Amino acid sequence: MSSEEEEEVRVEAVWSKAGMGTCLVVAVGGNSGNSNKSMKIALDMGVTPIMEDAIAASHVFVSHGHVDHMGGIFHHARAHSVTHNGKAPTYYVPFQLVPMLERARDSISEMDGAQLLQQDDATNENNDTPNHNCGGGRKSLLRLNLVGVHPGDEIVLPKPTLNGGGKVFVRAFAVDHGGHPALGYTIGIRWPPGLKEEYRQLKGSDIRDLVKAGIPIKADTGVERLALTYTGDTCLSGLLLRPSQQSSQPSFVWDVPLLICEVTYVENTMDSQQKATERGHMHIQHVAQLLSSFELQSNNEDTNNEHDERHRRLPPRRILLFHLSGKYSAEYALHQIALQLPRQFHDRCDVAIASFHKTYHNKRSNSNHDKKNSSHDNDASSSSSEWISNIQENGCISLSDYISAKGGYDHIRMELNNS
């Protein structure tokens, strides 16, 4: 197995609910059975129950400045510093937000280090109020680096270097979130040039002989593998592909095995679709339009037409939907996604659903489930809640598993019509 095949990019944890909080933790390298040896990257840093998972991330890519996506930055920075020998994590943010975050950092750092300064009698000569010095005191434990990012920027992450000298890189692209400065990100791994393919099976002694003979053994170029694309918050206009012309986004955005795409609204009405667009978000019908904009080719058939080949693009192998509105119950949202997403995508779609169920968090902590849940946890105690056991450890559920657990597509349609 090659070095690039050994390096796996995994979504380890997702918690997302529109307006409340969003954070995803991605692991690069190692393997799913030994995540301690992997590099951790966080996508957005809202205040969420998976903060403990996210603390290990030394690189955080923030899609935009709304509080539900970046409100946990300073909490994360302090906790990371405390648990990682004072090291400062780095936050990559849309460049327009850097001055605002710098001001917020300075204020919170001052507050974090503030102490009371009292006289011997603990009182001021003129009144009974202790003297305060809120600008001094111990040094704040809040440490962080801020990097402004422009659309088109590529960030190559520093050490650790992965197997075979591979380096993780992240490319930024612009999205449309109702005029708010916002970016999406694509993560990949790049390896330096290795042995030419015809020499890879040779013994070390044979390779040394080739080198002594002055025969070039290295390939001309390295190997680059894209892993995933994260849209952040966006509406359809920021993503839509047009089959008859060049993509509105760079090709690297789509040439990935995993597309992590927001979907906030799911009601099957034109009003809901319009509201999503006005507020800079995606409706499930918009996701369906996006996926349908790819020129699907059955069995990845080749084409002899050079023009068609240039514009033909296959959809990602998997889709992960996140950012559902908290006004829905989990079952209502999953029902609507199942009915409105084209069926050919059911077996490749996962949905971030952990934010709707305390059962999931107790599953991760091996504790008992508290039956006194919020209104959005009512599904967990219903007679038709068997599907909840299919929630994966990372907080997502396979749409096809959900449909199967609910008795099939037609049963879901009947349930929704009767509700």
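The values are calculated or read from the model by the stated rules, or taken from the named source; none is laboratory data. Model, not experiment: these values are computed from the prediction. In this analysis, Cβ positions are derived from the backbone assuming ideal geometry, glycine residues included, and neighbour counts consider all displayed protein chains. Surface areas here come from the heavy atoms of the whole protein model, side chains and all, with no ligands, DNA or RNA. Shrake-Rupley method; radii C 1.70, N 1.55, O 1.52, S 1.80 Å.
Taking the options L210, L228, name whichever one is outside any loop (DSSP other than H, G, I, E, B), open to solvent by less than 40 Å² (accessible area, probe 1.4 Å) and modelled with pLDDT of 80 or more.
L228
Rundown of residues vs (1) modelled with pLDDT of 90 or more; (2) within 16 Å of A18 (Cβ to Cβ), yes/no style:
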position	(1), (2)
C235	yes, yes
Q245	no, no
F252	no, no
P257	yes, no
K275	yes, yes
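Across the stretch 176-207, what is the number of residues that are among the polar types (S, T, N, Q), open to solvent by less than 60 Å² (accessible area, probe 1.4 Å) and either out of contact with any Ser or Thr (no Cβ under 8 Å at 6 or more places or on another chain) or part of a loop (DSSP other than H, G, I, E, B) (or both)?
Taking the stretch 176-207 as the starting set, the residues that turn out to be among the polar types (S, T, N, Q) are 186, 201, 205.
Filter once more, keeping what is open to solvent by less than 60 Å² (accessible area, probe 1.4 Å): 186, 205.
Still in the running and either out of contact with any Ser or Thr (no Cβ under 8 Å at 6 or more places or on another chain) or part of a loop (DSSP other than H, G, I, E, B) (or both): 205.
The number of residues fulfilling the criteria is 1.
Which pairs turn up if I take residues in the stretch 306-335 that are over 26 Å from E415 (Cβ atoms) and charged (D, E, K, R) and look for partners that are at pLDDT below 95 and in a loop (DSSP other than H, G, I, E, B) with beta carbon separation below 6 Å, at least 6 apart in sequence or on another chain?
Every condition considered, the pairs that remain are E309/T303; R312/E295; R313/W254; R313/F294; R317/P257.
Take the conditions farther than 25 Å from L24 by Cα, of a type outside the set (S, T, N, Q) and at pLDDT below 95 and apply them to D347. Does it pass?
Spelling it out, it is not the case that D347 is farther than 25 Å from L24 by Cα, of a type outside the set (S, T, N, Q) and at pLDDT below 95.
Quick check on the stretch 292-304. Is at least one of its residues modelled with pLDDT of 90 or more, polar (S, T, N, Q) and under 29 Å from P181 (Cβ atoms)?
no
Please name all residue pairs, on different chains or six or more residues apart, with Cβ atoms under 8 Å, provided the first residue is in the stretch 216-237 and is more than 21 Å from V263 (Cα to Cα) and the second residue is among the basic types (K, R).
Sorted first by the residue in the stretch 216-237, then by its partner, the pairs are P216/K196; I217/K196; K218/K196; A219/K196; G222/R190; V223/R190; E224/R190; R225/R190.
Report, by residue number, each residue of the stretch 94-137 that is at pLDDT 55 or above and open to solvent by less than 50 Å² (accessible area, probe 1.4 Å).
Correct list: P94, L97, V98, L101, A104, S109, D112, G113, A114.
Residues checked against (1) more than 22 Å from the chain's Cα centre (by Cα); (2) modelled with pLDDT of 95 or more; (3) part of a helix (DSSP H, G or I):
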residue: H307; (1), (2), (3): yes, no, yes
residue: P315; (1), (2), (3): no, no, no
residue: E331; (1), (2), (3): yes, no, yes
residue: Q336; (1), (2), (3): yes, yes, yes
residue: E386; (1), (2), (3): yes, no, yes
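Which residue pairs have Cβ atoms under 9 Å apart, sit 6 or more places apart or on different chains, and have a first residue in the stretch 72-85 that is of a type in the set (V, I, T) and a second that is surrounded by fewer than 18 Cβ atoms within 10 Å (Cβ to Cβ)?
Hits for this filter: I73/A104; V82/L141.
State the number of residues belonging to the stretch 58-70 that are free of Cβ contacts under 8 Å to residues at least 40 places away in the same chain, surrounded by fewer than 24 Cβ atoms within 10 Å (Cβ to Cβ) and either assigned to a helix (DSSP H, G or I) or out of contact with any Pro (no Cβ under 7 Å at 6 or more places or on another chain) (or both).
Selection size over the stretch 58-70: 1.
What number of residues within the stretch 396-418 satisfy the criterion of being surrounded by 19 or more Cβ atoms within 10 Å (Cβ to Cβ) and within 28 Å of the chain's Cα centre (by Cα)?
Total meeting the criteria: 6.
Sort out which residues of the stretch 263-285 are closer than 14 Å to C235 by Cα, part of a helix (DSSP H, G or I) and open to solvent by 10 Å² or more (accessible area, probe 1.4 Å), and write them in order of number.
Residues satisfying the conditions are Q273, Q274, K275, T277, E278, Q285.
What are the pairs, 6+ residues apart or on separate chains, where a residue within the stretch 393-419 that is farther than 19 Å from R348 by Cα and assigned to a helix (DSSP H, G or I) has its Cβ under 8 Å from a residue that is among the basic types (K, R) and open to solvent by less than 60 Å² (accessible area, probe 1.4 Å)?
Partner pairs satisfying both residue conditions: E415/K406.
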